[in-house]
1. Going through the cross-link list Lys392/Lys493; Lys420/Lys632; Lys358/Lys392, which pairs have a Cα-Cα distance over 20 Å in this structure?
2. Go through region 380-489 and name the trypsin sites (Lys or Arg not before Pro) that are in a DSSP coil and have 12 or fewer other Cβ atoms within 10 Å of their Cβ.
3. Report, by chain and number, residues whose modeled amide H sits under 5 Å from the one on Val701, excluding near sequence neighbours (fewer than 5 apart, same chain).
4. For a quick protection proxy, order the peptides 321-333, 296-308 by their average other-Cβ count within 10 Å, most packed first.
5. Based on the mean of other beta carbon atoms within 10 Å per residue, what is the order of 663-671, 445-453, most packed first?
6. Write out the trypsin sites (Lys or Arg not before Pro) in region 602-639 meeting two conditions: DSSP loop, and at most 12 other Cβ atoms within 10 Å of their Cβ.
7. Counting other C-beta atoms within 10 Å, and keeping those with at most 14, which DSSP coil trypsin sites (Lys or Arg not before Pro) do you find in region 148-200?
8. What is the distance, in nm, between label points placed 7 Å from the Cα along the Cα-to-Cβ direction at Glu711 and at Asp287?
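Read-outs throughout are calculated quantities, based only on the coordinates presented, and are distinct from any laboratory measurement. These numbers come from a predicted model, not from an experiment. Here the Cβ positions follow ideal geometry from the backbone for every residue, glycine too, while neighbour counts run over all protein chains shown.
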Amino acid sequence: MFYEILGLVLGAAGLLLLLALITHHPSDPSFSSPQGLGEPVQNWVGKVGSYVSALLFEWLGLAAFWLCFIFFQLTAFAFRKEPHPHPNPYWYGGGYLLVILSFAALLSGGEENFRYFGWNFPWGGALGYLLYRRLSLFLNPPGTRIFLLVLLLCGVILITRISLARLVEKARLRLLEKIRRLRDAYHKERERKRKAKTLKVEKELRKAKDAQPPTIVQTPALKPPPPPPRPQPQQEQFVFMKDPGDFELPPLSLLDTYEKPDQVLQQESLIMNSRLLEKKLKDFGVDGRVTEVSPGPVITMYEFEPAPGVKISRITGLADDLAMAMRAVSIRIVAPLPGKAVIGIEIPNHQRETVGLKDILSSPEFAESKSKLTLALGKDILGRPVVTNLAKMPHLLIAGATGTGKSVCLNALISSILFKARPEEVRFFFIDPKRIELLPYEGIPHLLHEVVTDAKMATRVLRWAVREMEDRYQKMAEKGARNIDTYNQRLIKERKGDSAKYPEEWLPYVVIVIDELADLMLISSREVEEYLTRLAQMARAAGIHLLIATQRPSVDILTGIIKANFPARISFQVSSKTDSRTILDANGAEALLGSGDMLFLPPGVSKLQRIHGAFISETEIKRLTDFLKKQKQAVYEEDLLTVEEPESVGGDEDLDEKYEAALKIVRETRQVSISMIQRRLRIGYNRAARLVEIMEREGIVTSGEGGRPREVLLKDF
């Protein structure tokens, strides 16, 4: 009974206090104004309510309502017969004191008071205002608010005895449970859609179960190369007896092995897809059947035999429609397949395989190749390794849009040579105007010169290559050799008594790699084109080969002269059929998948070969270059490119004679131009320009600045 009476008393006190605060009026009497304004008391609790509410509002402001909450909470405890609402009453009272004071101080952070019946009252009362101003002197307003919020939170913890750690743990568990439910719902919905799709396709398959199934071509598993013969045991050789000139080729363990996807196209799935392809073609009015299916690592080739009377042109124009119908990124149609009366339809796999460079280098095709310039291109559509010989190409042009795998292919080609050849056998000249792709190879022993990043300096590299080619032909003529291999063999036979494996006159292969041809053509297109043409036509026997890449497959970069002298070309994905024809003289590159998917045009063959390029990462390249640098330090020939500017690529042995002939032409015609001198004397452009410059220096003709024609100054000369 005592607790019930106590609860009633406390509840009534809390209610009266709440009514007093709510009905407070400034005109009522208070401790600061005992008489008030002489009007009747408007507070519902009378003079006691007016005095108490005025006192609380003056000192605590709106924080006074917390006192009502305290009375109501104590009332609830009394009715539940809990004599002690908190194990420690002092902590309980201290918590509420912190809450009321910090709340009042936080309310006093504003500059304005709140209005009540036309009168201004401070938000936090005098205590809150005083506490906030004092703290602001030491912590500034932002720091004061943070400090007061911490005090308020501490007071709540003291009152409620709630653990923040448990609150955070409960919130975390609820969040994880919500995520789990969403994930389960997502997987259930995905499984439902998959089953619905499978049932739909199986229904189509049952309709065509009586039709003849296509032949599934299974690619035989690749056999690793046979292990090398085990060497006979020899007497142990001490480290100090090791020949410092020994060079060890990089091991394949430097490269990563990429796992093949677990999802394998089963025979039933391939038959199902072939029937679906037949149905979609029939929807477009093309009758026929799929006779053979060839699954590969990235795409699957479906050989479609059209019905009699169906024109090939009707099928080749359906590539985009079939891609949408088969839900494929793109579809390439080869019509017809060479040597077969069928049309090839290449459809991408849902999960493509990463073709690692290690898979190609470890294949018998690469291991058994004796050429030091063996290039690992990748795998064909059936998953068979594709390697080629740069010495037989003898040059390679690579083009494609940005981000389609062109630079990765260039790195794979360079790395395949580095795994095959010693520095004495193959030397590189790297030209990288973009200063990105080829700089990791800086410092390897195979380099003739540091990586050239200046487009103007690249012209000197090509000029040096032309002179080196001419010097090599002169040396081969002295030995009676027709190519570099014969020259080196005869050189070894003549030096049988020499212990050196590579004599001083030994001629290594030279591979010039240009990462971006467009930058060179923009600087000096005529000179670059002239040097490239000369090298492409004559440098094969001299052992000088070109690897050129460009991301601008336009006619101003890949001119007709350059294309005519580069029969071996590779095209990655391009944006239009026009770019595809510019590179390969045929359509198809616009339908590639990107990420290393390429079309390869071998020399002397008009048939395009689709290859999935070998991938090598930057980490693998770093491991390879670090291994080579530890084997041997790079020795650059610094004065290699310090050559004088020639008058022309054709030589200047008869310069005086040509100059006199040029003067005679100018004297007779009273006109002068570089093109006229070039045409009349049948010499190169650069040489004709040099002759005109000499005439200008001697004061015979005027300069040709501003596009104005030159004039002859002297009447008699």
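1. Pairs exceeding 20 Å: Lys392/Lys493; Lys358/Lys392.
2. Details: sites: Lys392, Lys406, Lys420, Arg427, Lys434, Arg435, Lys456, Arg460, Arg463, Arg467, Arg472, Lys475, Lys479, Arg482; in loops: Lys420, Lys434, Arg435, Arg482.
Here the sparse-neighbourhood loop sites are Arg435, Arg482.
3. Those lying under 5 Å, H to H, from Val701 are Glu696, Leu713.
4. Working: 321-333: 16.4, 296-308: 19.9.
Output ranking for 321-333, 296-308: 296-308, 321-333.
5. Working: 663-671: 13.4, 445-453: 19.2.
Highest mean packing first, the order is 445-453, 663-671.
6. On the way: sites: Lys607, Arg610, Lys622, Arg623, Lys629, Lys630, Lys632; in loops: Lys607, Lys632.
Here the sparse-neighbourhood loop sites are Lys607.
7. Working: sites: Arg161, Arg166, Lys170, Arg172, Arg174, Lys178, Arg180, Arg181, Arg183, Lys188, Arg190, Arg192, Lys193, Arg194, Lys195, Lys197, Lys200; in loops: Arg161.
Those that pass, being in a loop and sparsely packed, are Arg161.
8. Result for the modelled spin labels: 8.2 nm.
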